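Below is one structure; the comments refer to it alone.
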């Protein structure tokens with residue numbers, strides 16, 4: 001009886017583990033942490049973690065968070081505890097539609113809280129969405145929906161490697177260093193300051209220009225006929241000229257040769273260009289993060305010469321129409337328009 005009660009206690013504590021808990025367990029094991037240390041950090045019982053790690057034939061060396069979570073959810077399903085999404089067709093259709101727009105589970109959850117505040121049947125957690133996706137049977141639907149989830153790079157490239165790139169860096173005349181950029185830009189309190197970059201296509205033979213406003217996260221995707229300095233300057237100037245005057249103050253860029261004509265760009269747009277230090281992508285962190293989001297739509301190997309302007313602008317619209325946690329769940333469009341209205 002005592003052993004049976006102990007197993008029941010393990011199972012109760014085990015079922016309280018979330019995907020985030022399991023990811024912490026997996027990371028801890030990879031870093032050679034003890035189960036005691038991991039349990040203390042996530043606020044769980046060591047015995048429950050021992051049961052979790054060693055169940056279903058797994059070991060400390062073979063434990064994987066998503067597989068363990070999937071197995072757990074599948075077991076719960078067998079026990080009659082169905083996922084709320086699987087039981088609610090209206091909710092399921094809405095979630096599928098938002099995922100296809102590349103909304104994250106957190107963005108979907110916030111939307112449901114705002115739009116269906118009075119309906120408990122439409123209220124879920126982002127954990128429930130992940131659980132639903134991972135317990136779907138293998139097939140086209142599961143593959144399609146999982147592909148919509150945001151893919152983020154796990155690691156930065158080593159800085160020493162970045163610093164070695166570069167015969168084509170540091171040769172731009174009359175560069176203005178990011179160190180001379182006003183401090184207000186760093187604080188994001190004043191809008192109109194942008195970060196820019198190129199996303200290279202297949203075999204580096206084509207490219208897409210990206211411009212991101214630091215305060216509102218508004219993104220401009222710039223179709224390019226070529227990636228030389230003249231083509232980039234003309235295309236960037238053409239896009240930024242459409243902006244309200246108060247929303248085009250400066251542009252922070254890396255030391256890529258495509259910005260060789262920065263002085264002419266400034267003359268045409270009135271936007272001062274500041275250059276980040278070589279091999280320092282974190283100085284344009286907003287742009288780097290946004291490029292990761294853009295890769296959801298245009299993965300590595302995309303030939304941008306085969307992508308129409310209409311397709312590019314459609315993706316731009318999707319990015320700016322998604323609510324962002326960093327904007328207190330406003331969309332970039334909403335945040336941008338608020339600043340414009342304040343100045344008019």
Does residue 177 meet the test of being touching a residue at least 40 places away in the same chain (Cβ under 8 Å) and out of contact with any strand residue (DSSP E or B) (no Cβ under 7 Å at 6 or more places or on another chain)? no
For region 318-332, pairs from a residue that is on the phi < 0 side of the Ramachandran plot and without any contact (Cβ under 8 Å) to a residue 12 or more places away in the chain to a residue that is buried (at least 17 other Cβ atoms within 10 Å of the Cβ) and part of a helix (DSSP H, G or I), with Cβ under 8 Å and 6 or more apart or across chains, are 331/320
Can you confirm whether region 17-24 contains a residue that is farther than 28 Å from residue 106 by Cβ and out of contact with any strand residue (DSSP E or B) (no Cβ under 6 Å at 6 or more places or on another chain)? no
Every residue from region 202-240 that is assigned to a loop (DSSP other than H, G, I, E, B), under 20 Å from residue 281 (Cβ atoms) and over 20 Å from the mean Cα position of the chain (by Cα): 227
Hey, could you check region 241-251 for residues that are in contact (Cβ under 8 Å) with a residue 40 or more places away in the chain and in a helix (DSSP H, G or I) and say which is nearest to residue 319 (Cα to Cα)? 247
Suppose we filter 133, 149 for residues that are surrounded by 12 or more Cβ atoms within 10 Å (Cβ to Cβ), farther than 23 Å from residue 285 by Cβ and modelled with pLDDT under 85; which single one remains? 133
If residue 267 passes every condition in (1) free of Cβ contacts under 8 Å to residues at least 12 places away in the same chain; (2) under 28 Å from the mean Cα position of the chain (by Cα); (3) over 20 Å from residue 289 (Cβ atoms) but one, which one does it miss? (2)
Applying the selection to region 270-282, what residues are touching a strand residue (DSSP E or B) at 6+ places or on another chain (Cβ under 8 Å), within 16 Å of residue 186 (Cα to Cα) and in a loop (DSSP other than H, G, I, E, B)? 276, 277
Exactly one of (1) in contact with a helix residue (DSSP H, G or I) (Cβ under 8 Å, 6 or more places away or on another chain); (2) part of a helix (DSSP H, G or I) is unmet by residue 322. Its number? (2)
Only one of (1) closer than 12 Å to residue 217 by Cα; (2) surrounded by 15 or more Cβ atoms within 10 Å (Cβ to Cβ); (3) in contact with a strand residue (DSSP E or B) (Cβ under 9 Å, 6 or more places away or on another chain) fails for residue 285. Which number is that? (2)
Among the residues of region 299-319, what is the count of those that are part of a loop (DSSP other than H, G, I, E, B) and over 14 Å from the mean Cα position of the chain (by Cα)? 6
Output the qualifying pairs, or none if there are none: Cβ atoms under 6 angstrom, residues six or more apart or on different chains, first residue in region 25-37 and more than 13 Å from residue 63 (Cα to Cα), second residue surrounded by 12 or more Cβ atoms within 10 Å (Cβ to Cβ). 36/46
Close pairs (9 angstrom Cβ cut-off, 6 or more residues apart or separate chains): over 20 Å from residue 33 (Cβ atoms) in region 53-78, outside any loop (DSSP other than H, G, I, E, B) and at pLDDT 85 or above anywhere: 72/22; 72/52
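Conditions (1) touching a helix residue (DSSP H, G or I) at 6+ places or on another chain (Cβ under 6 Å); (2) more than 29 Å from residue 149 (Cα to Cα); (3) surrounded by 15 or more Cβ atoms within 10 Å (Cβ to Cβ), marked per residue:
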{"site": "239", "(1), (2), (3)": "no, yes, yes"}
{"site": "246", "(1), (2), (3)": "yes, yes, no"}
{"site": "249", "(1), (2), (3)": "no, yes, yes"}
{"site": "266", "(1), (2), (3)": "no, yes, yes"}
{"site": "270", "(1), (2), (3)": "no, yes, no"}
{"site": "273", "(1), (2), (3)": "yes, yes, yes"}
{"site": "281", "(1), (2), (3)": "yes, no, yes"}
{"site": "310", "(1), (2), (3)": "no, no, no"}
I'd like the full set of residues that are crowded, with 17+ Cβ neighbours inside 10 Å, under 27 Å from residue 132 (Cβ atoms), at pLDDT 85 or above and touching a helix residue (DSSP H, G or I) at 6+ places or on another chain (Cβ under 7 Å), limited to region 12-41. 21, 22, 24, 25, 26, 28, 38
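The values are calculated or read from the model by the stated rules, or taken from the named source; none is laboratory data. Everything numeric here is computed off the predicted structure, so don't read it as measured data. Virtual Cβ from ideal backbone geometry, glycine too; neighbours counted across all protein chains shown.
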